[in-house]
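Please treat every number below as a calculation from the coordinates, not as lab data. Bear in mind that the values here come from a model prediction, so they are computed numbers and not experimental data. So basically every Cβ, Gly included, is an ideal-geometry build from the backbone, and we count neighbours across all protein chains shown.
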Amino acid sequence: MTAAGRAMAEAAEKESGYNEESTDESEEDESEEEPKLKYERLSNGVTEILQKDAASCMTVHEKFLALGTHYGKVYLLDVQGNITQKFDVSPVKINQISLDESGEHMGVCSEDGKVQVFGLYSAEEFHEMFDCPIKIVAVHPHFVRSHFKQFVTGGKKLLLYERGWMNRWKPSVLHEGEGNIRNIKWRGHLIAWANNMGVKILDMISKQRITNVPRDDISLRPDMYPCSLCWKDNLTLIIGWGNSVKICSVKERHASEMRDLPNRYVEIVFQFDTEFYISGLAPLCDQLVILSYVKEISEKTEVECCARPRLDIVQPLPESCEEISSDALTVRGFQENECRDYHLEYSEGESLFYIISPRDVVVAKERDQDDHIDWLLEKKKYEEALMAAEISQKTIKKHKILDIGLAYINHLVEKGEYDLAARKCQKILGKNTELWEFEVYKFKEIGQLKAISRYLPRRDPILKPLIYEMVLHEFLESDYEGFATLIKEWPGDLYNNTIIVQAVVDHLKKDPQNRTLLRTLAELYTYDQRYGRALEIYLTLRHKDVFQLIHKHNLFSSIRDKIVLLMDFDSEKAVDMLLDNEDKISIDRVVEELENRPELQHVYLHKLFKRDHHKGQRYHEKQISLYAEYDRPNLLPFLRDSTHCPLEKALEICQQRNFVEETVYLLSRMGNSRSALKMIMEELQDVDKAIEFAKEQDDGELWEDLILYSIDKPPFITGLLNNIGTHVDPILLIHRIKEGMEIPNLRDSLVKILQDYNLQILLREGCKKILVADSLSLLKKMHRTQMKGVLVDEENICESCLSPILPSDASKSFNVVVFHCRHMFHKECLPVSNTVSSVQFCNICSAKHRGPGSTILEMKK
């Protein structure tokens, strides 16, 4: 159960100055479920009326309200409750007021039996006095039209009055004999009424009664617990009586079922019971609004007493209902009211519901988006309220997105969720610099500047420099790392750089070796374009950004005397940077700066040589010593790739250091291959390398020297036997082996020689077969080509005399020679061959060295 209705009504009660004790205040517990309706008391003229009189009935039109009282007065009110007209109808209680759809005609009945039907804007009027109280009156919905001048009254009989000839009203009895008629609802061509026995529906077209819905609980007095009727539409009637609800649908009867039955019938589509007694009903889309009369046992006196009436919204189901919302209403004087004292009226077009009691009129409305946001704010659901306001910003009237956002930020701050509050500032404050600055000072007051620092705007808008400086000073006093992060992330134009630099310098006086402060100071110097100072700090710290700083700000002139420092920090990056910018720092300058650090000099020259073998040629002689000292594995590749290296100097250094491989290479390059081979054999004792060397040189004398040197060394002989088969005839080596010499693995070596020889024979035979097969294939192809015919017609000419190859007169004899190259000659135009062979060749192709073209055809006639 929600308490929104009671809270609304109580608030309105306080506003009106009405003080009345209410019971069971403890029931007004907060609920997490949002109410569906909002409530306010109808005041202004209504308040004045009900201070002296009591409400007995009310009818609602879309343009105005009509209120009847116990003192026989009828008041026309606007929707705010202001009195627009007053009618003194009777000295006693007004039982019912009825209006047609136009709102131009009104029917009124009272307890003294008086019935009046009159025009609000015309002189048209009808009066009738009955000898018994008339409880109900209903005018035709289209009474304004001349042919619908009808109304019905309910007392002991249901009477229909129709205006006939000469404007006389003619009554007719529609129903009687079942007790007093206490409620009538007229919709379209259907009239529904309730008497002591149940509810009936009359079809005014056929003047037939089409249904009778009996009363469920006959123990209830019909005058104390009256029936509530409500037409949802032209064919749907809602009945509430006691604690029972029925929803009836009027349907057309099929022609085959007619017989003597009415052409319409009624089907009960929904039926369910409620917890309390029903005082009124109204439709709300596909749901129902039910006003209930409640009784409860007082905790103090243990006596049954009247409680606050309830307004429930339910979803009808076939045999039950689902409660959507339930509100208890604190209306004036609810302790003395009975079920019959409450009425529920509604305005169809606006979803307005009027709860009428003798001393109070409360209006219930469907809640709009402003009300929804109010409820969310009341429940401190600020984020949902903000989202709802953003979605409905064009329709809400009461709330502003900014106000909700600021309330949300304050709420988060009060809860101690400072980071979330600061993050929400970005979205809520937007580009409003004044609000930003206000919030920053608020965060400062609670000692939470750090929380908002990450979310301060840095571009569009930009706050006053003082704001950013205040935050930076906060970090500088307590968090060097956080301070460094802000300096790195914030653009340098947000604050006064000089002030911050001085603050950092002051802190460094207390802690000169603090790397974080030094690094930050270097960044500040960079923002201030004092790149020299920044570079000195970066080099002292050996910071990785030093190279980026040099490149970005072109500080090559500042590092001419700091090359050693850069190389010590990161030689690879330093060398790459120096080589990429040779035009700014020359090779000679770098070599000179590194003169006292030969290991660094070598690194630089080595990478220079890798990039370009010729750029540092003047230092190649120097590099021989550097490679020999610091990088011997790359010495031999250097000697091989360099064309500017002095060989004598290199040989001298290699011989001094006993670098055999390098010495062998230099000797061979200088043409002294025999000395090189000897050094391999004597120094390296490596027959495989010696054989490889001999293969590279491809010199018979070297092979002879190698055999002579190896002839008395069995291991060397084995190596030669295994490797020289394709370069030297193995027989020459075998003949020189001394008889009786023991040679390791001789059998395997001889087998390998034979296998290599056999492999060579197989390769030759295979190649021969392939060659023969290809030759035969090409010969056949040539033969097929030469056997083909050649077209000779009038367009062909003799290549010698250039006249047509065929005579114009076909009867004359001719002799033509056609070569395989498609050149054609008259027989007499060909030169006489001096050779004995009968084969002739094309003169043109022979002259162009295209190869001979023997004749393929000789044509005679």
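For the stretch 200-302, applying the loop criterion from DSSP together with a ceiling of 10 other beta carbons within 10 Å to the GluC sites (Glu not before Pro) yields E299, E302. Computed about the Cα centre, the dipole magnitude for the stretch 368-459 is approximately 500 debye when only Lys and Arg (+1) and Asp and Glu (-1) carry charge, each at its Cβ. Around K450, with a cut-off of 12 angstrom between Cβ atoms, what is the net charge of the other residues, counting Lys and Arg +1 and Asp and Glu -1? That sum, taken over residues with Cβ under 12 Å, equals -3. Annotation note: GluC sites (Glu not before Pro) in the stretch 42-123 located in DSSP loop regions with a Cβ neighbour count of at most 12 within 10 Å are E62. Here the dipole of the stretch 464-551 is about 340 debye; that uses its Cα centre as origin and unit charges on the Cβ of Lys and Arg (positive) and Asp and Glu (negative). Classify the stretch 279-366 as rounded, prolate or oblate from the Cα gyration tensor: take a ≥ b ≥ c as the square roots of its eigenvalues, call it rounded if a/c is under 1.5, otherwise prolate when a/b beats b/c and oblate if not. Cα axes put the stretch 279-366 in the oblate bin. Shown in residue order for the stretch 104-121 are the 3J(HN,Hα) couplings computed by the Karplus curve 6.51 cos²θ - 1.76 cosθ + 1.60 at θ = phi - 60°: 9, 10, 10, x, 9, 10, 9, 5, 8, x, 7, 10, 10, 10, 8, x, 6, 10 Hz (x for Gly and Pro).
Here the stretch 41-278 is treated with +1 on each Lys and Arg Cβ and -1 on each Asp and Glu Cβ, and its dipole about the Cα centre works out to around 340 debye. Dividing the summed -39500 (n - 2.57) terms of all DSSP H runs of n ≥ 4 by the residue count of the chain sets its mean residue ellipticity at 222 nm at -11500 deg cm²/dmol. Backbone phi angles across the stretch 755-768, fed through the Karplus curve with coefficients 6.51, -1.76 and 1.60 (θ = phi - 60°), yield HN-Hα couplings of 5, 4, 5, 4, 5, 4, 5, 4, 4, 5, 5, x, 5, 5 Hz in residue order; Gly and Pro are listed as x. Any number yet on Rg/Rh for the stretch 464-551, C-alpha, Kirkwood? With Rg and the Kirkwood Rh in hand, the quotient comes to 0.94. This structure gives Rg and Dmax of the Cα atoms in Å, computed directly, and of (i) 63.2, 203; (ii) 59.4, 166; (iii) 33.0, 108 that value is listed as (ii). Considering only I587, Y225, A534, and ranking their Cα positions along the charge dipole of the chain that arises from unit charges at the beta-carbon of Lys, Arg, Asp and Glu, the one farthest toward the positive end is I587. Each of L463, V790, S347 was scored by the projection of its Cα onto the charge dipole of the chain, and the greatest displacement toward the positive side belongs to V790; charges sit on the C-beta of Lys, Arg, Asp and Glu.
When only C-alpha pairs under 8 Å and at least 6 residues apart count, what is the relative contact order of the chain, in percent? All intermediate terms of the calculation are to be shown ahead of the outcome.
Details: 1365 pairs, mean separation 41.8, N = 861.
The value is 5 percent.
On average over all directions, what projected area in square nanometres does the stretch 41-278 have, based on the convex hull of its Cα atoms? So the mean shadow area of the Cα hull is 14.5 nm². Counting only lysines at least 8 places from K649 when in the same chain, those with an alpha carbon closer than 26 Å to its own are K607, K610, K615, K622, K678, K689.
Toward the positive end of the charge dipole of the chain, with +1 on the Cβ of Lys and Arg and -1 on the Cβ of Asp and Glu, the farthest Cα among P283, P214, F569 is that of F569.
Classify the stretch 368-459 from the C-alpha gyration tensor, please: rounded if a/c falls under 1.5, else prolate or oblate depending on whether a/b exceeds b/c.
prolate
Of the trypsin sites (Lys or Arg not before Pro) found in the stretch 85-178, the ones in coil according to DSSP and having at most 15 other Cβ atoms within 10 Å of their Cβ are R145, R168.
When the Cα centres of the stretch 609-649 and the stretch 465-535 are compared, how far apart do they sit, in Å? The two parts, judged by their Cα centres, are 48 Å apart.
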